[in-house]
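Heads up: the structure comes next, in structure tokens.
The values are calculated or read from the model by the stated rules, or taken from the named source; none is laboratory data. Since the structure is predicted, the reported quantities are computational estimates derived from the model, not experimental observations. Neighbour counts run over all protein chains shown; Cβ positions are idealised from the backbone, glycine included.
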Amino acid sequence: MKKFLYGIDFGTTNSALSIFDEEKQEILTTILIPSLIYFPNQVSSDGTLNYVVGETAISSYLSDGMDGRFIKSIKQILSKSSFTETRIQNKRYTASNLVALILKELKSRADEIIGFDCKKAIIGRPVFFDDDSSQQDVLAQTRLSKAAELSGFTEVRFQFEPIGAAFAYEKTLIKKENVLVADLGGGTTDFTYLVLDPEKVGSSNRTDDLMATGGIYIGGDSFDSAFMWEKGTPYFGKHTQYEATPGKVLTVPKSLFANICTWDKMNFFNGLRIKKDIENYYYFSGNDPQFKNLITLIDNNLAYSVFQSIEETKIGLSKKDVTPFSYANMGIAIQEDITIDQYNEIIHKDIQKISTYLDEFMEKNNIRADEIDSLFLTGGTSLVRAIQHLFKRKFPNVKVNTGDNFTSVSKGLAYSSYLFDN
Ligand SMILES: Nc1ncnc2c1ncn2[C@@H]1O[C@H](COP(=O)(O)OP(=O)(O)OP(=O)(O)O)[C@@H](O)[C@H]1O
Ligand SMILES: [Mg+2]
């Protein structure tokens, strides 16, 4: 019987699975899906809850008028001990249950291709799941491991995502090199510094080649949140004024708007008390039309579609100097040109944090810029121009290589089959 294993990159935004043929020692194919789950409100005729995973999760959610539960960035809840479970139509879902839905989807598509139930997987993990504590890190990996088990995998190994990316790059090399790999994703930015040698691809022990790994909890999602805060929230009433007491005019609390900047805070608005507060601000603002947009956003679950427009603007600015930020839905009308300079200013703080972290990483691990032979940048966020400039500025004399931004991690995980050797 043929032998296969799967390299699985469960990402904040996208997840990929590479099918590795263990006999031929090569990748058969790679499957890539967005890490999204949609639970429509209607229950299917046999009473079971139906759900949709991947690309069709977006289309179904939008065509159902954004009704039902739409779940994105699930990876970010893996490390949150405050998250225990969520109820979806009277069924309880733990973090592992939700992640398993993504893993199962990938597994079943891959099993279909190879024609049998493959139980062996190398699953990627960021260097740090969370900035806060090692306890949360352990929790996240335990939950991921449980999700793999629930998806039908019985033989599982974990590998750091940036090492996966490095091994994919190693396949393209013709000589030995000292390489700094940066994998910039939706949730995290991970680094690894290692010796890559095309003669060692897939070989058993690479511990001696691995010189340093590190990471920081900043990625493309952080840029989108910063953009929402600066450019989005004014359209939703960040500057709205209301009459607090007769004759005393105040601006509505800014803290309200922090909750529409990150996905996991959106459910803040579900509380009855906050709903009442929002009604009051609206009334005492004299029905401010911008503040009404906030109510429309909350009542109709429009956050995902607004964030889609924000992402489109970001992607546009990766190539062009000016890109529109536009959104038109249910009376909300946003139309504004954003220049690359404005965008760079908005994400400046995050870029600075990545820069400072990288300096510390180099210093702590005694890495000198002049000993690095090449840089390998991967992950969707490596396409952001400010990120590319950051690396050019820091390493002016080092050649920069890029690979397949969305699949290099899963491919390299599949090339890590040596992890099963002992
Ligand atoms: N052309 C582009 N320009 C800028 N950003 C982009 C582009 N294409 C995708 N992105 C961003 O890249 C991110 C997704 O990248 P990727 O798929 O590598 O992340 P991930 O693996 O899901 O996340 P993580 O590794 O952090 O768990 C998103 O924030 C997305 O908006
Ligand atoms: Mg990734």
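Can you tell which of PHE291, PHE257 is within 23 Å of TYR217 (Cα to Cα) and either among the aromatic types (Phe, Trp, Tyr) or exposed (fewer than 14 other Cβ atoms within 10 Å of the Cβ) (or both)? Steps first, please.
Values: PHE291 fails: within 23 Å of TYR217 (Cα to Cα).
Criteria check complete, one pass: PHE257.
Could you run through the range 318-333 and say how many residues are over 21 Å from PHE70 (Cβ atoms) and over 19 Å from the mean Cα position of the chain (by Cα)?
10
Given GLY331, GLY379, GLY316, which one is farther than 20 Å from ALA212 by Cα and surrounded by 14 or more Cβ atoms within 10 Å (Cβ to Cβ)? Please lay out each step first, then the result.
Details: GLY331 fails: surrounded by 14 or more Cβ atoms within 10 Å (Cβ to Cβ); GLY379 fails: farther than 20 Å from ALA212 by Cα.
Result: GLY316 is the single residue among GLY331, GLY379, GLY316 that is farther than 20 Å from ALA212 by Cα and surrounded by 14 or more Cβ atoms within 10 Å (Cβ to Cβ).
Output the number of residues of the range 171-210 satisfying the condition of being within 16 Å of ligand 2 (Cβ to nearest atom) and not hydrophobic (A, V, I, L, M, F, W, C).
Going through the range 171-210, the residues within 16 Å of ligand 2 (Cβ to nearest atom) turn out to be 181-192.
When the remaining residues are screened for being not hydrophobic (A, V, I, L, M, F, W, C), the result is 183, 185-190, 192.
The number of residues fulfilling the criteria is 8.
Say whether the condition of being out of contact with any strand residue (DSSP E or B) (no Cβ under 9 Å at 6 or more places or on another chain) and among the basic types (Lys, Arg) is met by at least one residue in the range 157-165. Outline the logic, then answer.
Of the residues in the range 157-165, the ones out of contact with any strand residue (DSSP E or B) (no Cβ under 9 Å at 6 or more places or on another chain) are none.
No: the range 157-165 contains no residue that is out of contact with any strand residue (DSSP E or B) (no Cβ under 9 Å at 6 or more places or on another chain) and among the basic types (Lys, Arg).
For the subset of the range 101-146 comprising residues that are among the β-branched types (Val, Ile, Thr) and touching a strand residue (DSSP E or B) at 6+ places or on another chain (Cβ under 6 Å), which member is nearest to PHE4 (Cα to Cα)? Quick ask: steps written out before the conclusion?
Our first condition is that a residue be among the β-branched types (Val, Ile, Thr); within the range 101-146, this holds for 102, 113-114, 122-123, 127, 138, 142.
Subset that is touching a strand residue (DSSP E or B) at 6+ places or on another chain (Cβ under 6 Å): 102, 114, 122-123, 127.
Details: ILE102: 20, ILE114: 8, ILE122: 11, ILE123: 14, VAL127: 26 Å.
Only one residue fits best here, namely ILE114.
Exactly one of (1) under 18 Å from ASP224 (Cβ atoms); (2) surrounded by 14 or more Cβ atoms within 10 Å (Cβ to Cβ) is unmet by PHE269. Its number?
Only one criterion in (1) under 18 Å from ASP224 (Cβ atoms); (2) surrounded by 14 or more Cβ atoms within 10 Å (Cβ to Cβ) is unmet by PHE269, namely (1).
Look through LYS265, LYS276, LYS292 and report the one residue that is assigned to a helix (DSSP H, G or I), at pLDDT below 95, more than 26 Å from the chain's Cα centre (by Cα) and on the phi < 0 side of the Ramachandran plot. So that I can check it myself, show each step before the final result.
Numbers: LYS265 fails: more than 26 Å from the chain's Cα centre (by Cα); LYS292 fails: at pLDDT below 95.
Step by step, each of LYS265, LYS276, LYS292 is checked, and only LYS276 is assigned to a helix (DSSP H, G or I), at pLDDT below 95, more than 26 Å from the chain's Cα centre (by Cα) and on the phi < 0 side of the Ramachandran plot.
Just checking: which of the strands (runs of 3 or more DSSP E) contained wholly in the range 296-393 hold 2 or more residues that are touching an Asp or Glu at 6+ places or on another chain (Cβ under 8 Å) and in contact (Cβ under 8 Å) with a residue 12 or more places away in the chain? Please lay out each step first, then the result.
On the way: elements: 322-329, 332-339, 374-378.
Strands (runs of 3 or more DSSP E) meeting the threshold: 322-329, 374-378.
Among the residues of the range 67-76, is any among the polar types (S, T, N, Q), surrounded by fewer than 21 Cβ atoms within 10 Å (Cβ to Cβ) and without any contact (Cβ under 8 Å) to a residue 40 or more places away in the chain? Step through it out loud before you land on a result.
Going residue by residue through the range 67-76, those that are among the polar types (S, T, N, Q) are 73, 76.
If we keep only those that are surrounded by fewer than 21 Cβ atoms within 10 Å (Cβ to Cβ) too, we end up with 73.
From what is left, the residues that are without any contact (Cβ under 8 Å) to a residue 40 or more places away in the chain are none.
Looking through the range 67-76, none of the residues is among the polar types (S, T, N, Q), surrounded by fewer than 21 Cβ atoms within 10 Å (Cβ to Cβ) and without any contact (Cβ under 8 Å) to a residue 40 or more places away in the chain.
Do we find that THR192 is over 30 Å from MET330 (Cβ atoms) and at pLDDT 95 or above in this structure?
Details: over 30 Å from MET330 (Cβ atoms): yes; at pLDDT 95 or above: yes.
Yes: the conditions hold for THR192.
Pairs, please: C-beta under 7 Å, at least 6 apart or cross-chain, first residue free of Cβ contacts under 8 Å to residues at least 60 places away in the same chain and in the range 396-415, second part of a helix (DSSP H, G or I) and within 11 Å of ligand 2 (Cβ to nearest atom)?
Filtered contacts from the range 396-415: THR402/SER382; ASN405/GLY380; ASN405/SER382.
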